[in-house]
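Here the structure comes first, spelled out in structure tokens, and everything after it is commentary.
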Amino acid sequence: MRTIFSDARHALRLFKKAPGFAAVAVVTLALGIGANTAIFSVVDNVLLRPLPYPDSGDLYAIHRTVKRYGAMRGPFSLPDFKDLLAQNRTFENVGAWGGGDANLTGVGTPERVLIRIATPSLLPTLHVTPVVGRNFNANEAFKGSDHVVLVDWGFAQRRFGTPEAALGKNVRLDGVDYQIVGILPRGFRFDTPADIWMTASTTFSMAEERNAHWMRVIGRKRADATPATIADDLAAFSQRLSEANPVIYPSTMGLGTNATPYLDEVVGDVRLPLLILLGAVAFVLLIACANVANLLLARAATRQREMAIRTALGAGRWRLIRQLLTESVLLSLLAGALGLVFAWWAIDALVALAPDGVPRVAAVGLDGRVLAFTAAVALATGVAFGIVPALSASRPDLHDSLKDGGRGATAGRGRLKKALVIAEVAASLVLLVGTGLMVRSFLRLRSVEPGFNPEHALALGVSLPVPDGKVTDEVKAHFTHFFDAATRRLAQLPGAVAVGGVDALPLSGNNSDRWFDIEGFTPVDNSQRPDSESRQVVGDYFGAMGIPVVRGRGFVPSDAAGAPPVVVVNQAWVRKFSPDRDPLGRHIRLPQGGDKVGPWATVVGVIGDVRGYGLDAPYREEMYWPLAQTEGASNMSMVVRVKGEPFALLGATRAAMADVDPQQPIYDLRPLDHLVAASLAQRRFTLTLMLVFGIVALVLAAVGIYGVMAYTVAQRTQELGIRVALGATPRRVLAMVLKDGMKLVGLGLAIGAVAALVLTRVGASLLWGISSTDALTYFVIATLLAAVAVAAIIVPARRATRVDPMQALRSE
């Protein structure tokens, strides 16, 4: 240990004598270590840590599947969930939940609150209990006993001062009072945020409809259950469910049930992008290591005399290697400390840039695990970039090194430096090709027409109260009256061109898939029954969104309650359900729950296709119904198209909605183009980081190539002087140095291209409209890297043309 401390003190003295070398090496490594630390902190918190529930590895997400719909993994109906809870043999408990919102009125300012509709078994499944009060009782899932709620810790503190003060108090949700019986633990979060938890009770209109699939399900497996026994148990359950309900689930439909670890469910969409980013920063660190290794090799050339003297005085090779490795590890530890500072800044930026879809990212930070990772990376890096220079420098040529002015053996060291340059170029090409593919994919995706015009339009959300969850005829009439009044008032805004609303905006992530009947077609069973996305609209929705009506007409004010029912479909619907017949005038109808069906509606118009589920998702078949002629929708997204900038009308829009009902909160008030931007947020996040890493890699590669070529020119001073003395022109000397440098670059590009062809296939699923083997991207990136290499080589090459032959020969 004393020897190690002695070596460390000696290394620090050497760094003080060469502060420029030490600073460049530490900063170069710190960039790589800091980037790796920042990305690892995100990967660790999002992908590697267990979920914040006791024994979370035993939790499984359970989905309903239907072969007819391919890879669809759907929710359960409440009756189906109850059957699963009673019949399964491999889960010790199963819970279910749905989402929603409600208007909180009474004490204080009215506000919209987020609701979780949960079964009493959900919290026990998670092994979570309220910290104040209690969980729902089993009997509170039935009408008459269901006016109880659990509330979030933060909500209780915000509305009542302390969580304890909230217990037993009432909250008024959609005009109905509910008693607070429990407070959830501080910081507890399950799925998406929720202020208030209500029971999934028989009060709700959809509660007893087996074909109303709206509940997500989670189960905690028994200790003796295995993936195989779980799969067998769920397959048997699906078979029994299909046999017991042949009308809803005919055997030809292919009903199934599967289970996946809940952690995979939570992180599924972000796992691959984060792992790709982790791989990208690893390449940045490799390039940084190659640069510092080259610096150490160049420095070793000036220390040959020192190494020779040490050897002559009796130092063994291992003693020299240990001294040199101590220096490199000390450099990497200093870089690790500086890298933590970079990582601290970078983590704040990552959290700020991260889109909403990245789970648990708000909790990302520097902790013990991240610090241990940084220390391990720093140590490994110090050994990685230090071992080869140490092995090379520990075998000095005593005869040449001890001669006055002797340069020592440099051929082997030169080959190592060239190999490191080749590796740098190859690694840079892999990283830059991946970045280039993502850039081209993003640009193509951003140029995709969404099917509507997002410019010069405002969107806002409205969620009307549904007392006790029951949509009666009176409640439906209220919905229609309110949204008609809101449409008229918003149309009075200065510069308003068109106003309308829909129950689910495109790109919002909401959907409503419905079976329907087409007049003249009688399916054998439900497996042949046509289904389509279904939307309810008010006002001039198509005009407000800029969706073209390509045939027939849109809705008009006379399409009111009591008028002949009408429907508008999109072009994808026509291609699938009416390819050989004129869709205008055809009649379709919707089920109304149970065995009831709605009246026949006439198709009066065809609109253009809209990319409702992502710019990279295919068009889906859609039906649009006037709100006044449907079951009624409490949630609407109102859209106002204006002549000028939509930002200028934010305040006026709020005031207009307050004129309609001052007690009705609104939410998500934003320009419509923000919706498109949000749909690209995750891709933009990944691309931004890849661009940053690519630029860092390019700069490091340029510095590395310049360093090697400058060192090579310095070592060839005598040779170049002789060539000039023998008549070589500056142009020939320049060409020779460029040629030697570009040979290394060319070999690196060739190796990198092969590696990129293999590695970019990993992220092929993240690309859109472009192949991972896109030749143009490879050519452009290779050309860019070659141009940067030429720029890095040209400076030492020009220096070589100015060699004075007499001075060069005299120096030898």
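Go through (1) within 25 Å of E111 (Cα to Cα); (2) under 38 Å from the mean Cα position of the chain (by Cα); (3) among the small types (G, A, S) for A477 and report which single condition fails. Here A477 clears every test but (2).
Across region 231-247, a minimum of one residue is classified as in contact with a helix residue (DSSP H, G or I) (Cβ under 7 Å, 6 or more places away or on another chain), assigned to a loop (DSSP other than H, G, I, E, B), loosely packed, with under 13 Cβ neighbours inside 10 Å and of a type outside the set (S, T, Y).
Condition check ((1) outside any loop (DSSP other than H, G, I, E, B); (2) at pLDDT 90 or above) across all residues:
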residue: A633; (1), (2): no, no
residue: M636; (1), (2): yes, yes
residue: R641; (1), (2): yes, yes
residue: G644; (1), (2): no, no
residue: A648; (1), (2): yes, no
residue: G651; (1), (2): yes, yes
residue: R654; (1), (2): yes, yes
residue: A658; (1), (2): yes, yes
residue: Q664; (1), (2): no, no
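Screening R89 with (1) under 30 Å from D233 (Cβ atoms); (2) of a type in the set (D, E, K, R); (3) part of a strand (DSSP E or B) gives one miss only, at (3). Residues in region 52-78 that are aliphatic (A, V, I, L, M) and modelled with pLDDT under 90: V66, A71, M72. Candidates are the residues of region 479-497 that are polar (S, T, N, Q) and buried (at least 17 other Cβ atoms within 10 Å of the Cβ); the one that is nearest to S634 (Cα to Cα) is T480. Of the strands (runs of 3 or more DSSP E) entirely within region 547-614, those holding at least 3 residues that are more than 16 Å from E519 (Cβ to Cβ) and out of contact with any Phe, Trp or Tyr (no Cβ under 9 Å at 6 or more places or on another chain) occupy 549-552.
Looking at the structure I just gave you, is S534 hydroxyl-bearing (S, T, Y) and either assigned to a loop (DSSP other than H, G, I, E, B) or over 36 Å from the mean Cα position of the chain (by Cα) (or both)?
Against the criterion (hydroxyl-bearing (S, T, Y) and either assigned to a loop (DSSP other than H, G, I, E, B) or over 36 Å from the mean Cα position of the chain (by Cα) (or both)), S534 does not qualify.
Okay, residues lined up against (1) assigned by TED's automatic domain parsing to the domain that holds N139; (2) over 26 Å from the mean Cα position of the chain (by Cα); (3) surrounded by fewer than 18 Cβ atoms within 10 Å (Cβ to Cβ):
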| site | (1), (2), (3) |
| --- | --- |
| S41 | no, no, no |
| Y60 | yes, no, no |
| H63 | yes, no, no |
| G74 | yes, no, yes |
| S77 | yes, yes, no |
| F81 | yes, yes, no |
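This table checks each residue for (1) among the basic types (K, R); (2) part of a loop (DSSP other than H, G, I, E, B); (3) within 24 Å of the chain's Cα centre (by Cα); (4) within 30 Å of A35 (Cβ to Cβ).
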{"position": "V713", "(1), (2), (3), (4)": "no, no, no, no"}
{"position": "L744", "(1), (2), (3), (4)": "no, no, no, yes"}
{"position": "A750", "(1), (2), (3), (4)": "no, no, no, yes"}
{"position": "R761", "(1), (2), (3), (4)": "yes, yes, yes, yes"}
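Does V181 satisfy the condition of being aliphatic (A, V, I, L, M), under 23 Å from F81 (Cβ atoms) and in contact with a strand residue (DSSP E or B) (Cβ under 7 Å, 6 or more places away or on another chain)? Spelling it out, V181 is indeed aliphatic (A, V, I, L, M), under 23 Å from F81 (Cβ atoms) and in contact with a strand residue (DSSP E or B) (Cβ under 7 Å, 6 or more places away or on another chain).
So that you can scan it fast, the table gives a plain yes or no per residue for (1) at pLDDT below 90; (2) of a type in the set (F, W, Y); (3) in contact with a strand residue (DSSP E or B) (Cβ under 8 Å, 6 or more places away or on another chain):
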position: V433; (1), (2), (3): no, no, no
position: E455; (1), (2), (3): no, no, no
position: K470; (1), (2), (3): yes, no, no
position: H478; (1), (2), (3): yes, no, no
position: T487; (1), (2), (3): no, no, yes
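Restricting region 756-768 to residues that are surrounded by 15 or more Cβ atoms within 10 Å (Cβ to Cβ) and of a type outside the set (S, T, N, Q), the residue that is nearest to V448 (Cα to Cα) is W768. Need pairs with beta-carbon distance below 8 Å; first residue at pLDDT below 90 and of a type in the set (D, E) and within region 674-691, second surrounded by fewer than 20 Cβ atoms within 10 Å (Cβ to Cβ) and not in a helix (DSSP H, G or I); sequence gap 6+ or separate chains. If the second residue must be surrounded by fewer than 20 Cβ atoms within 10 Å (Cβ to Cβ) and not in a helix (DSSP H, G or I), no pairs are left.
Just one residue in the set G168, G187 is part of a loop (DSSP other than H, G, I, E, B) and out of contact with any Pro (no Cβ under 9 Å at 6 or more places or on another chain); that residue is G168. Screening the candidates L85, L114, L126 for the property of being of a type in the set (A, V, I, L, M), within 16 Å of R216 (Cβ to Cβ), over 31 Å from the mean Cα position of the chain (by Cα) and in the same structural domain as M215 (by TED's automatic domain parsing) yields one hit, L85. With respect to the stated conditions, S558 fails to be hydroxyl-bearing (S, T, Y) and crowded, with 20+ Cβ neighbours inside 10 Å.
The values are calculated or read from the model by the stated rules, or taken from the named source; none is laboratory data. Since we're looking at a predicted model, the values are computed, not measured. Cβ coordinates were reconstructed from backbone atoms using ideal geometry, including for glycine residues, and neighbour counts include every protein chain displayed.
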